[in-house]
Amino acid sequence: MPMHIGRGIVAAVLLVMSVAVPLSAGGASILPAGTPAPQISFKTQDGKSLSVQSLRGHIVIIDYWASWCGPCRMALPQLESLYRKYKKRGVVVVGLPVDDPPTRPMVPKVVKQLQITFPISVSWTANQKGTAAYNAQDLPTMFLIDRKGVVRWSGQGVYPGEETDLAAMVDYLLTEK
């Protein structure tokens, strides 16, 4: 390979790396367990106002996702299953899509296609601010918040058995007073 082509490839890699670094919030990690849940307020698809503060006393699963994100679309039905299983016991699942304007019209289509019944925020600015407050850099990113408003678990991505693991954590939190 001629030397000038090799230099071009190295320059391209360095350019991509320099663009990608700021998107990861300087390497800061996801909001860890034991941290008070940052307060965010939003409107749901059915016009209700919700906030992390208003959900105190409930166990809450917050899911940051996007309509174009394949792993997010895999996680949503699992979260719906958990919501149906636990909603009568005071567990709330909230979806906060972070789509940019061009893909936002896909959000209600995904919700309908996957038969999601848990609350979905349509407050785009609040959703984006929430990703910063919770440092949700990858999708999907989930947070399990206890009745006192403390993050008890956080995770990024989706993995086999995640629904079972979340159910076990919810069961544990339901035993706490």
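Bear in mind that the values in this text are calculations on the coordinates, not laboratory data. No experiment lies behind these values; they were computed from the predicted model shown.
What the table below lists for this structure:
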read-out: Reachable aspartates and glutamates from Lys88, criterion Cα separation under 15 angstrom, eight or more residues apart if same chain; value: Glu80, Asp171
read-out: Contour excess over end-to-end distance, with Cα ends at Ser41 and Arg89 and 0.36 nm allotted per residue; value: 15.0 nm
read-out: Evaluated over segment 26-175, the Cα radius of gyration and Dmax, each in Å; value: 13.9, 43
read-out: Candidate lysines for bridging to Lys43, where Cα separation is under 17 Å - those fewer than 8 sequence places away on the same chain excluded; value: Lys129
